[in-house]
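Undergrad: Pasting a structure here, questions to come.
The values are calculated or read from the model by the stated rules, or taken from the named source; none is laboratory data. Owing to the predicted nature of the structure, the values given are computational and were not obtained by experimental measurement. Cβ atoms come from the backbone with ideal geometry, glycine included; neighbour counts cover every protein chain shown.
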Amino acid sequence: MIPLSAGGHAFRVIATLIVLTGMLALVGCHSSGEDTAATGIEGRSVSTLQGPLLGDMDGDGNPGVGDAIAILRIVVGLAEYSAFADVDQSGDVGVNDAILVLRCVVGLFPWPVDSPAQLWTIEMTPTEADLEIGDTQEITATGRDQHGEQIEFSPNWEVTGDIGTIDPAAATAQVLESTYVFTATAAGEGTVRCTDGTTQIAGQTTISVTDPNAQGPLRNIFFLHHSTGNGFIEEGDMRGTIDAINGANGTDFVFWDHGYNGEGLRNPFGIWTGDSYDIPNDNTDPDGLHELWTTDNDARREIMANHQVIVFKSCFPASAIGDEDQLNQYRTWFLAMRDYFDQHPEKLFIPCTTPPLHRMETNADDADRARRWSEYLTSNEYLAGHPNIVVYDIFNMLARADDGSATANMLRYEYEQTHEWAESHPNLAGNQAVGPDMANFICEAAVSYTP
């Protein structure tokens with residue numbers, strides 16, 4: 001081996017190679033007084049052998065000047081050692097190996113140069129598999145030499161990705177092929193690898209394991225409301241916003257809604273279906289919601305059977321919280337509802353805070369309690385540890401800030417339908433503020449939650 005420090009020597013070696021190339025070419029052209037270069041080079045058949053050959057440093061199956069140069073780079077220390085550079089099988093890599101390759105280039109030496117069989121790859125059958133938890137898959141590892149023939153190896157088996165098991169994992173005696181059975185135990189992506197214990201050459205089978213009982217993404221949205229909610233849907237264009245979200249993100253949310261029982265269920269196209277879930281007593285106030293979610297009734301059964309993301313709200317009269325007892329009762333009802341929601345982690349529940357009242361329909365104390373009710377529902381006290389419950393804060397979207405003013409915590413002046421009398425339904429501006437924001441909130445919550 002010529003040391004790297006011998007820079008001048010390295011130059012001379014490469015220069016020698018160039019000269020040798022020319023000399024060999026001349027020999028090829030004028031041997032026996034005949035022009036045999038075309039026969040020596042172009043007439044040579046392309047190798048159909050599998051894998052690398054001695055001297056075939058670029059792996060194209062044929063000898064070339066580039067292969068000789070690659071060998072010389074090893075000689076002068078500019079590249080790492082390769083057993084395939086030892087063309088003459090002398091036990092070392094030298095200039096003679098490069099010359100031998102060049103002799104093959106010009107047809108003065110037969111190609112390929114004989115190469116002793118050695119393990120080159122471990123062939124896995126199958127190379128990939130899609131399984132469900134509990135499935136088994138027979139996997140075979142076969143040792144192949146550089147010519148594609150079977151060769152003995154010492155197999156070590158392992159599983160990556162914590163998706164299953166395969167036994168035994170320890171090395172076994174030299175074999176031509178090794179077959180074991182993989183058992184899928186957990187959902188995920190991983191591999192089954194078989195590594196030769198001597199050379200560390202490895203093959204692998206890529207495996208994807210799914211849980212047949214796992215629920216897919218939550219895409220079916222249901223919104224239970226009365227008149228204020230209808231304003232969010234229609235004037236706030238919630239369906240249009242959801243369509244835009246689907247178009248921009250490749251999602252497939254569908255949005256159903258249910259108004260008063262007399263109106264019933266509306267499909268994702270915004271068309272009344274003529275069906276009704278018959279909400280008990282047609283009541284979506286806090287006491288009615290408590291009855292819906294904590295008692296065994298047909299409406300609850302149908303909602304739970306047909307939808308995945310369940311949004312519901314009370315209308316603005318529920319913001320008339322006349323005393324602390326009523327506020328505490330709201331908390332009691334919603335805690336009981338939360339107990340039911342906890343039993344169904346496969347669903348996402350989105351209660352909404354109540355819309356604020358018009359300044360002519362409430363007073364400072366009631367409005368303050370409505371604010372505190374909104375703050376409680378959106379607090380960690382209510383939500384922490386309950387991942388399938390998120391709250392959309394309608395109250396805070398529409399109410400004036402708690403700023404100590406005479407109309408604090410009441411419907412904002414700019415969202416009043418009229419300034420002349422008590423009308424607590426939000427106007428077009430209010431509905432357009434809430435509708436798109438609410439639709440985005442629902443979709444983001446659905447994407448973020450994994451059942």
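Undergrad: State all residues of the range 380-437 that are aliphatic (A, V, I, L, M) and buried (at least 18 other Cβ atoms within 10 Å of the Cβ); if no residue qualifies, say none.
TA: Ile389, Val390, Val391, Ile394, Met397, Leu398, Ala399, Met410, Leu411, Ala433, Val434
Undergrad: Another question, if that's okay. Yes or no: the range 129-137 includes at least one residue that is assigned to a helix (DSSP H, G or I), more than 11 Å from Gly55 (Cα to Cα), touching a residue at least 60 places away in the same chain (Cβ under 8 Å) and touching a Phe, Trp or Tyr at 6+ places or on another chain (Cβ under 8 Å).
TA: no
Undergrad: Condition check: of a type in the set (A, V, I, L, M, F, W, C), farther than 19 Å from Leu119 by Cβ, in a loop (DSSP other than H, G, I, E, B) and at pLDDT 85 or above. Does Ala68 satisfy that?
TA: Considered against the rule, which asks whether it is of a type in the set (A, V, I, L, M, F, W, C), farther than 19 Å from Leu119 by Cβ, in a loop (DSSP other than H, G, I, E, B) and at pLDDT 85 or above, Ala68 comes out as no.
Undergrad: Select from the range 256-272 the residues that are assigned to a loop (DSSP other than H, G, I, E, B) and either of a type in the set (Asp, Glu) or surrounded by 13 or more Cβ atoms within 10 Å (Cβ to Cβ) (or both) and list them in ascending order.
TA: The answer is Gly259, Tyr260, Asn261, Glu263, Gly264, Asn267, Pro268, Gly270.
Undergrad: Given the structure, is Thr407 touching a strand residue (DSSP E or B) at 6+ places or on another chain (Cβ under 8 Å), at pLDDT 95 or above and β-branched (Val, Ile, Thr)?
TA: No: the conditions fail for Thr407.
Undergrad: Of the numbered conditions (1) more than 16 Å from Ala370 (Cβ to Cβ); (2) over 42 Å from the mean Cα position of the chain (by Cα); (3) touching a residue at least 24 places away in the same chain (Cβ under 8 Å), Ile310 satisfies every one except a single condition; which is it?
TA: Checking Ile310 against (1) more than 16 Å from Ala370 (Cβ to Cβ); (2) over 42 Å from the mean Cα position of the chain (by Cα); (3) touching a residue at least 24 places away in the same chain (Cβ under 8 Å), the one that fails is (2).
Undergrad: Another one. Only one residue in Phe341, Phe316 is within 37 Å of the chain's Cα centre (by Cα) and not polar (S, T, N, Q). Which one?
TA: That would be Phe341, the only listed residue that is within 37 Å of the chain's Cα centre (by Cα) and not polar (S, T, N, Q).
Undergrad: Continuing with this model, one more query. From the list Asp58, Asp92, which one is modelled with pLDDT of 90 or more, out of contact with any Lys or Arg (no Cβ under 6 Å at 6 or more places or on another chain) and outside the structural domain of Tyr180 (by the TED database)?
TA: Testing whether each residue is modelled with pLDDT of 90 or more, out of contact with any Lys or Arg (no Cβ under 6 Å at 6 or more places or on another chain) and outside the structural domain of Tyr180 (by the TED database) leaves just Asp58.
Undergrad: Name the single residue that is farthest from Thr185 (Cα to Cα) among those in the range 148-160 being in contact with an Asp or Glu (Cβ under 6 Å, 6 or more places away or on another chain) and not hydroxyl-bearing (Ser, Thr, Tyr).
TA: Filtering the range 148-160 for residues that are in contact with an Asp or Glu (Cβ under 6 Å, 6 or more places away or on another chain) and not hydroxyl-bearing (Ser, Thr, Tyr), the one farthest from Thr185 (Cα to Cα) comes out as Ile151.
Undergrad: Let me ask something else. Among the residues of the range 186-206, which ones are crowded, with 16+ Cβ neighbours inside 10 Å and among the hydrophobic types (A, V, I, L, M, F, W, C)?
TA: Across the range 186-206, the qualifying residues are Ala187, Val192, Cys194, Ile201, Ala202.
Undergrad: Pairs under 6 Å by beta carbon, first residue closer than 11 Å to His226 by Cα in the range 249-278, partner of a type in the set (Phe, Trp, Tyr), six or more apart or different chains?
TA: Qualifying pairs under 6 Å: Asp257/Phe223; His258/Tyr277.
Undergrad: Let me ask something else about it. Return a yes/no flag: does the range 244-257 have any residue that is in the same structural domain as Ile310 (by the TED database), modelled with pLDDT of 95 or more, touching a Pro at 6+ places or on another chain (Cβ under 9 Å) and under 22 Å from Trp333 (Cα atoms).
TA: The answer is no, given that none of the residues of the range 244-257 is in the same structural domain as Ile310 (by the TED database), modelled with pLDDT of 95 or more, touching a Pro at 6+ places or on another chain (Cβ under 9 Å) and under 22 Å from Trp333 (Cα atoms).
Undergrad: Of all the strands (runs of 3 or more DSSP E) wholly in the range 156-236, which have at least 2 residues that are under 30 Å from Arg266 (Cβ atoms), in contact (Cβ under 8 Å) with a residue 40 or more places away in the chain and out of contact with any Lys or Arg (no Cβ under 8 Å at 6 or more places or on another chain)?
TA: Hits in the range 156-236: 220-224.
Undergrad: Go over the candidates Ala422, Ala408, Ala401 one by one and state the one that is in contact with a His (Cβ under 6 Å, 6 or more places away or on another chain) and over 25 Å from Ile242 (Cβ atoms).
TA: Just a single option satisfies the conditions, and that option is Ala422.
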